[in-house]
There are 2 protein chains.
Amino acid sequence: MSERTDQIVAEARALIEEGGPEALTMRALAARLDIRAPSLYKHFPDKLAVEAQVIAIAFGELAAELEKTGSLSELAAAYRAYALAHPHLYRLMNSGPLPRHLLPAGVEDRAAMPLVRAVGGDEHLARAIWAFAHGMVILELDRRFPDGADLDRAWRTGLAVFREPVQH
Amino acid sequence: MSERTDQIVAEARALIEEGGPEALTMRALAARLDIRAPSLYKHFPDKLAVEAQVIAIAFGELAAELEKTGSLSELAAAYRAYALAHPHLYRLMNSGPLPRHLLPAGVEDRAAMPLVRAVGGDEHLARAIWAFAHGMVILELDRRFPDGADLDRAWRTGLAVFREPVQH
DNA sequence: CGATATGGCTAACAACGTTAGCCGTCAAGC
DNA sequence: GCTTGACGGCTAACGTTGTTAGCCATATCG
C-alpha cells in the first residue's frame with residue numbers, strides 16, 4: 001500500500017460520502033487528484049478494487065465503534081449511529097454482493113463479533129438481530145418508512161423483544 | 001395503458017428476472033421487441049418509468065401472496081418465498097429510493113396491510129418485524145450470511161421472539 | 001552510464017441513456 | 001376522396017461511463 005494509493009482511496013471515500021456510490025467515477029476521482037482517469041489504472045486494476053479498499057476501511061471503522069459498546073442496546077445504538085453518520089458508505093458496504101476476494105480476510109467477522117458476544121454466542125439469535133438492525137437501518141436510509149414514523153420506538157420494540165428469552 | 005406498453009413492461013420484467021436490474025438496458029429491451037432503443041421513448045419518457053411499472057406489478061403480486069396468509073408465520077413464509085422466487089425483482093423493488101411519484105397510490109400500503117393486521121394494529125411492532133423480515137431476505141440474497149448458515153432456524157428464532165408479548 | 005520501474009499523458013473504444021429529426025401507415029374530418 | 005394528424009417506427013448523434021493501448025518523463029539502481 002503506497003502513499004499515493006492511500007490518497008486515492010481517501011478521495012474515493014470522500015466522493016462517496018458526498019454524493020453516494022454513483023458519484024464515484026474514475027474521471028471524478030482522477031480530477032480530485034489532478035490527474036487523468038487512465039492514470040488511476042497504474043495503482044488499481046479497476047474501479048471495483050478502489051471500492052473494495054473503501055469498504056475495507058469502513059468495515060474497520062464500524063467494527064471499532066461496535067467494540068466500544070457493552071450492552072446490546074449500546075451496540076444497536078452504535079450501529080445505527082454509524083449508519084446515519086455515513087449513509088452512503090453504509091449502503092456501499094452493506095448492499096449488493098460483497099467483493100470478498102478483494103477484502104482482507106476477517107473484516108466481516110470482526111464487525112460481527114461484538115454482536116455474537118452480546119448474545120452469549122447464540123448464532124441464530126445473532127443473525128436474527130443482525131437482520132433486524134440492518135433492516136431498520138436500510139429501510140430508514142431508503143426512506144421506506146412513512147414520514148414521521150417513530151423509529152426510536154420501533155428500535156426499542158425490536159430490542160425489547162429480542163431481550164426476552166424464548167426457546168427456539 | 002396500451003397494448004404495446006404492456007408488452008414492453010413484460011419484456012422489461014423478463015430481462016430483470018433473468019439478469020438482474022442491470023440487465024435492463026434500453027437497447028436490450030428494444031432488441032427483445034425487435035425495434036431500436038429510441039422507439040421505446042414513444043411509449044415511456046425514460047428508463048425509470050419502465051422500471052416503475054415493473055415495480056408496481058411486483059408490489060401487486062407480493063401483496064396478493066401476502067393476503068392469502070392467516071398467521072404471522074405463514075405471512076413470513078410467503079414473504080420469504082416471494083423474495084427467493086424473484087430475487088432480482090425483490091431487490092429492484094426493495095432497495096434504493098422508491099420512485100413513488102411514478103407508482104399508483106396505495107401499492108405500498110396494500111403490501112404492508114397484511115402485516116399490520118397480523119400484529120393487531122401495533123405499528124411499531126409491525127415496523128420491527130418488517131425490518132427483521134427484509135433484513136433476513138436481503139442478507140440472504142446478497143449472500144451476507146456464512147455459507148451453510150441455518151437460516152430457517154434464524155427465521156424461527158426471530159419469529160418466536162416477536163410472538164412473545166412484551167411492553168415497549 | 002544505461003536499464004528498468006514508476007507514474008503520468010492522449011487517443012480511442014464499446015456500451016449506456018437520451019435527443020433530434022425523418023418517414024410510413026392509417027383513421028378521422030372536411 | 002383528400003388531407004391532416006397522431007402513432008410508432010427509424011438513423012444519426014451526443015455526452016458520460018469504464019477501460020485499454022501505447023507513448024513519454026523521471027528517478028533509482030546495477
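The values are calculated or read from the model by the stated rules, or taken from the named source; none is laboratory data. In this text, all values refer to a predicted model and were calculated from it rather than measured experimentally. So basically every Cβ, Gly included, is an ideal-geometry build from the backbone, and we count neighbours across all protein chains shown. Heads up: the accessible areas ignore ligands, DNA and RNA and are worked out on the full protein's heavy atoms, side chains in. Shrake-Rupley method; radii C 1.70, N 1.55, O 1.52, S 1.80 Å.
How much of B:H86 can a 1.4 Å solvent probe reach, expressed as accessible area in Å² and rounded to 10?
Counting only protein heavy atoms, B:H86 exposes about 40 Å² to solvent.
Please give the Cα centre distance for the stretch A:85-127 versus the stretch B:52-122, rounded to the nearest Å.
A separation of 26 Å, based on Cα centres.
From the label point of B:E74, set 7 Å along Cα to the beta carbon, how far off in nm is each other copy's matching point, shortest first?
From this label point to the equivalent ones elsewhere in the assembly: 4.5 nm.
Note the full-extension length gain between B:R143 and B:A77 as 0.36 nm times their separation in residues minus their Cα-Cα distance, in nm to one decimal.
Going from the current span to full extension adds 21.9 nm.
As a test of the definition: which semi-axes, in Å, follow for the stretch A:3-66 when you take the square root of five times each eigenvalue of its alpha carbon gyration tensor? Largest first, please.
Working: eigenvalues 86, 31, 19 Å².
Computed over the stretch A:3-66, the values are 21, 12, 10 Å.
Smallest Cβ-to-axis distance in chain A, for the rotation taking A to B: which residue, how many Å?
A:G135, 2
Over its Cα atoms, what ratio of radius of gyration to 2.2 N^0.38 Å does the stretch B:3-163 give?
1.15
On the full set of protein chains, 1.4 Å probe, figure out the accessible area of A:D109 and give it in Å² to the nearest 10.
110
Quick check: convex hull of the Cα atoms in the protein assembly as shown, volume per residue, rounded to a whole Å³?
Working: hull volume 51.4 nm³, N = 336.
Taking only Cα atoms, the protein assembly as shown has a hull volume of 153 Å³ per residue.
Chains A and B: how much accessible area gets covered up at their contact, both sides added, probe 1.4 Å, in Å² to the nearest hundred?
The A and B chains share an interface burying roughly 3400 Å².
Provide the solvent-accessible area of A:R163, counting protein heavy atoms only and rolling a 1.4 Å probe, rounded to the nearest 10 Å².
Using a 1.4 Å probe on the heavy atoms, I get roughly 130 Å².
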